[in-house]
Structure formats: structure tokens, C-alpha cells
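Engineer: Please read through the structure below; I'll follow up with questions.
The values are calculated or read from the model by the stated rules, or taken from the named source; none is laboratory data. Here the structure is a predicted model, which is why all the values come from computation and not from measurement. Backbone-built Cβ (ideal geometry, glycine too); neighbour counts: all protein chains shown. Surface areas here come from the heavy atoms of the whole protein model, side chains and all, with no ligands, DNA or RNA. Shrake-Rupley method; radii C 1.70, N 1.55, O 1.52, S 1.80 Å.
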Amino acid sequence: MSPLFPFSDRARELDARLAAFMAERVLPAEAEVHAWASEPATRWTVCPRIETLKSEAKAAGLWNLFLPDATHGAGLSNLDYAPLAERMGRVLWASEVFNCNAPDTGNMEVLAHFGNAEQKATWLAPLLRGEIRSAFAMTEPDVASSDATNIALRIRRDGDHYVLDGRKWWITGAGDPRCRILIVMGVTTPQAEPHARHAMVLVPMDTPGLRVVRPLEALGFDDAPGGHVELEFTDVRVPASNLIGGEGQGFALAQARLGPGRIHHCMRTIGMAQRALETMVARAQTRVAFGKPLGAQGMVQEAIALSRCEIEQARLLTLDAAAQLDAKGNKGAKDAIGMIKIVAPRMACAVVDRAIQIHGAGGLADPFLSAAYTGARCLRLADGPDEVHIASLAKGMLKGARDGR
């Protein structure tokens, strides 16, 4: 934990317990989980070892740590949660062990803040207990979804129901056999101004007319058993009571969901990069080339030093963004969140790339490093591509300069 930020005593206590759980229970399970995910007969099924770890984490009180609402979660601030998320990020599947994994976290936040009593009882409660999984269906193949006003899936009111028609893709988690519910964003009010055309509705995965078209791979990884899938909606009919909030509120709900989600991704990414750096250092100390350890080579020393500098910079920027989110809310912390979304994935790509290089050809086959690089590269597109955050940040600065701020 950084001495520059005032973490609470509760956060420090939870971090110590989480560190012990990760060291004693999660890290020793990595080989077994990897073997399960590598076996064609089991990889699209639920890994029993992870389910056991989830039960143990819940019993240990290390559960739903991401939710600032003390009724449903741990009651931590975003700043207090940051080092915990970083620690989980050291193992790419570890956040699920503590029920702190995307996209469920964002969906739980939406339901906790905006869902009605029936929606909370039917869907939020089992998600909080870790009994089911969910997915968030926003991105579409036929429009530039980086501009959320382009989202085109039609959600049409028909009496006491809404009817959905359209396609979505890169829907993370929708391939999981435990995925029971989608939050789907689409157009309910096409005649309204662009930011007031959309809504979000709850669509159970077993609804007639909803079809999984195909699984998708990210740089060769299919991320079983959750996966990323393309979905087709054909005359998909759900009760009108499945609407979250109101018609025309979808864009605002998406922004409320993505603010904490973006910062959580960056927190975990820093943990992933920190572990990659540690593997780099260990490799440099033990591998001999040209008659001396790699760590004696100037280029390797530079890779290690730069990586530490970049991780520390990103960590401090992320902690500052978390503190601003606590103090100012999503809107007030928009620039800070945008900055870490630009910086953290690029930093992780660079650090993991150096770690792979120092490991040589073995780095290409290392289960952690190869998956970490893919995850970091994907994050430069997930929750908004770099270019959108860069443009938004620059426009805000230019407008502030014109307005004398």
C-alpha cells in the first residue's frame, strides 16, 4: 500500500488476509486450473478447484469486496479497494474467487443502484451469492460501438413486453454455462436526441429467440469457460418490468457502470504487470547467456528499471483516480479515470512484452505471460478504445482552457 494515500485500517486488515489467501490457496492452484482449462473435455465446464476456492473465500469474509455499499458488499471506498484489486490481478482468474470479476461486478452495481425490488431479488441476490454469472451486451458488429450513441439493437415496446431484434458481439461471459442473465443496451426511443435513445433491459439467457452465434477468440485465446460470444436477438420478448430505470436512460446507465469498471480493470492490470516484472527479475538472476547472468546485461537492466518506473507511475495515477472517484463521483473523476484507462493497459503491454523478451522463446509459451499480454492488449479496446479516452481528455482540457479553467 502506498504511504501517499490514507487507506483505512479495515482496508489494511483485509489486504493482509487477502495476501495470505492468495499465497496459501490461490497461487498453489494455478497449475491445476491451467490443466483444467487446457483439457478439451473440461475447458468449457466449471473448474471444481475454483468453486472450492470461492466457498473458502466466502467463509473467510473475502467476498464482494468491490461494492462500496455495505449492505451488499464490503463497504470499502474505491481507494481502499484499489490495492485489493491489484493483488487479485496477479492471478488472471483470481477475482472470480472473491466474486469481484467482470462483467458481474458492473452488472451487480447497475442492479444495486438502479434495479427495482423484483430485479434485485431475482438477479442481484444470486449474483451476490456467486450462484450464477451474467454478461453485459453492448458492443455490436455493424456499428462503431466506441461511440455508444451508434448502438442500434432495437428494443420495441409491445403491450406488457419489450421485443428485441439485432446482434451483439464480444459479449464476455455469455458462453459460461452459469451465465443466466444479460443486461442488454439498445434503442427504445429512436426519435430522441442521440444520448436519450437507449435503454437497458434484462434478458434471461434461455429466452426464446436469443441465439449464441459463435464463440470469438482474442489473439487465439477463447477464455473458456466464460468466453466472448456473438449473440443474435430475433423477436426476443421479455416483460416490460425487465426494463432497468427508464426508456432513454441507457446511455447514462452505461456511463455509471463503466466508471468504476474501468478503474477496477486498471487496478487488476497493475497487479498483473507487477507479477510480470517479478518474473523478469527472477529470470535475469538465474539465466546465463554469453558467460554471465542476464541481469548483468545493460539492456536487461534497462528493461527492469523502466518497468518498475512505469508500474509505479501507473499505480499512483490509479490511486489518485480512485480517490477522485470517491470525492467527486463519476463525472468529477472523468478525466482521471480516462487517464488511467489510457496509461495502465499500455504500461502493462510494455512490461509484459519485456518480460516475454527476457524469457526468450519460453516466454511465448508461458501460461501467465502469454495470457497477460493478450489481456492487456484487449484492455486497450475494452470499455472504450484508447483513442476515445485520448480525444475526450484533450477536448476537456481545450474547453477548460477556453473557459479560463
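Engineer: Kindly list, by first and then second residue, each pair from a residue in region 38-66 that is among the basic types (Lys, Arg) to a residue that is part of a helix (DSSP H, G or I), limited to pairs with Cβ atoms under 9 Å and residues at least 6 apart or on different chains.
Structural biologist: ARG43/TRP36; ARG43/ALA37; ARG49/ALA29; ARG49/GLU32; ARG49/VAL33; ARG49/TRP36; LYS54/GLU96; LYS54/VAL97
Engineer: Considering region 226-240 alone, what residues qualify as being within 17 Å of ALA199 (Cα to Cα) and surrounded by 19 or more Cβ atoms within 10 Å (Cβ to Cβ)?
Structural biologist: Of everything in region 226-240, those that are within 17 Å of ALA199 (Cα to Cα) and surrounded by 19 or more Cβ atoms within 10 Å (Cβ to Cβ) turn out to be PHE233, VAL236, VAL238.
Engineer: A further question on this structure: Going residue by residue through region 269-279, is there one that turns out to be among the hydrophobic types (A, V, I, L, M, F, W, C), over 28 Å from SER392 (Cβ atoms) and modelled with pLDDT of 95 or more?
Structural biologist: Yes, some residue in region 269-279 is among the hydrophobic types (A, V, I, L, M, F, W, C), over 28 Å from SER392 (Cβ atoms) and modelled with pLDDT of 95 or more.
Engineer: Sticking with this one: Quick one: count up the residues across region 62-73 that are open to solvent by 40 Å² or more (accessible area, probe 1.4 Å) and either of a type in the set (Gly, Ala, Ser) or within 13 Å of CYS100 (Cα to Cα) (or both).
Structural biologist: Qualifying residue count for the region: 3.
Engineer: Here's something else I'd like to know. Can you pull out the residues in region 74-94 that are open to solvent by 10 Å² or more (accessible area, probe 1.4 Å) and more than 15 Å from LEU128 (Cβ to Cβ)?
Structural biologist: Within region 74-94, SER77, ASN78, LEU79, ASP80, PRO83, GLU86, ARG87, ARG90, LEU92, TRP93 meet the criteria.
Engineer: I'd like the full set of residues that are on the phi < 0 side of the Ramachandran plot and either touching a Phe, Trp or Tyr at 6+ places or on another chain (Cβ under 9 Å) or buried (at least 16 other Cβ atoms within 10 Å of the Cβ) (or both), limited to region 130-142.
Structural biologist: Residues satisfying the conditions are ILE132, ARG133, SER134, ALA135, PHE136, ALA137, MET138, THR139, GLU140, PRO141.
Engineer: Select from region 98-109 the residues that are surrounded by fewer than 23 Cβ atoms within 10 Å (Cβ to Cβ) and of a type in the set (A, V, I, L, M, F, W, C) and list them in ascending order.
Structural biologist: ALA102 - this is the single residue of region 98-109 that is surrounded by fewer than 23 Cβ atoms within 10 Å (Cβ to Cβ) and of a type in the set (A, V, I, L, M, F, W, C).
Engineer: Still on this model: Scan region 342-391 residue by residue and report those that are more than 30 Å from VAL288 (Cα to Cα) and in contact with an Asp or Glu (Cβ under 7 Å, 6 or more places away or on another chain).
Structural biologist: ILE342, ARG380
Engineer: Could you check, for region 243-259, whether at least one of its residues is modelled with pLDDT of 95 or more, touching a Lys or Arg at 6+ places or on another chain (Cβ under 7 Å), within 25 Å of ASN116 (Cα to Cα) and among the hydrophobic types (A, V, I, L, M, F, W, C)?
Structural biologist: Scanning region 243-259 turns up no residue that is modelled with pLDDT of 95 or more, touching a Lys or Arg at 6+ places or on another chain (Cβ under 7 Å), within 25 Å of ASN116 (Cα to Cα) and among the hydrophobic types (A, V, I, L, M, F, W, C).
Okay, residues lined up against (1) in contact with a helix residue (DSSP H, G or I) (Cβ under 8 Å, 6 or more places away or on another chain); (2) open to solvent by less than 30 Å² (accessible area, probe 1.4 Å):
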{"residue": "ALA174", "(1), (2)": "no, yes"}
{"residue": "ALA192", "(1), (2)": "no, yes"}
{"residue": "ASP223", "(1), (2)": "no, no"}
{"residue": "LEU277", "(1), (2)": "yes, yes"}
{"residue": "MET280", "(1), (2)": "yes, yes"}
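Engineer: So, one more: Can you confirm whether region 99-116 contains a residue that is touching a residue at least 24 places away in the same chain (Cβ under 8 Å), within 21 Å of ARG25 (Cα to Cα) and in contact with a Leu (Cβ under 7 Å, 6 or more places away or on another chain)?
Structural biologist: Checked against the condition, which is being touching a residue at least 24 places away in the same chain (Cβ under 8 Å), within 21 Å of ARG25 (Cα to Cα) and in contact with a Leu (Cβ under 7 Å, 6 or more places away or on another chain), region 99-116 yields at least one hit.
Engineer: If you don't mind, there's one more thing I want to ask. Looking at region 1-35, which of its residues are in a helix (DSSP H, G or I), more than 16 Å from LEU53 (Cα to Cα), without any contact (Cβ under 8 Å) to a residue 24 or more places away in the chain and open to solvent by 70 Å² or more (accessible area, probe 1.4 Å)?
Structural biologist: ASP9, ARG12, GLU13
Engineer: Sticking with this structure for a sec: Taking the options ALA16, ALA70, ALA29, ALA60, name whichever one is at pLDDT 95 or above, aliphatic (A, V, I, L, M) and out of contact with any helix residue (DSSP H, G or I) (no Cβ under 8 Å at 6 or more places or on another chain).
Structural biologist: ALA16
Engineer: Okay, moving on. Pairs please, first residue from region 70-88 and on the phi < 0 side of the Ramachandran plot, second anywhere and of a type in the set (Val, Ile, Thr), Cβ atoms under 7 Å, 6+ apart in sequence or on different chains.
Structural biologist: Final answer for the pair search is ASN78/ILE263; ALA82/THR318; GLU86/ILE270.
Engineer: Here's a check for you: in region 201-251, which residue that is charged (D, E, K, R) and outside any strand (DSSP E or B) is nearest to GLY173 (Cα to Cα)?
Structural biologist: ASP223
Engineer: Next up: Go over the candidates ALA273, ALA240, ALA284, ALA218 one by one and state the one that is touching a Leu at 6+ places or on another chain (Cβ under 8 Å) and in contact (Cβ under 8 Å) with a residue 24 or more places away in the chain.
Structural biologist: Answer to the selection: ALA284.
Engineer: Turning to a different aspect of this structure: Could you check how many residues of region 292-319 are open to solvent by 60 Å² or more (accessible area, probe 1.4 Å) and within 13 Å of MET339 (Cα to Cα)?
Structural biologist: Residues flagged as open to solvent by 60 Å² or more (accessible area, probe 1.4 Å) and within 13 Å of MET339 (Cα to Cα) within region 292-319 amount to 2.
Engineer: From the list ASP386, ASP353, exactly one residue is among the charged types (D, E, K, R) and open to solvent by 50 Å² or more (accessible area, probe 1.4 Å). Which is it?
Structural biologist: Just one listed residue meets the conditions, ASP353.
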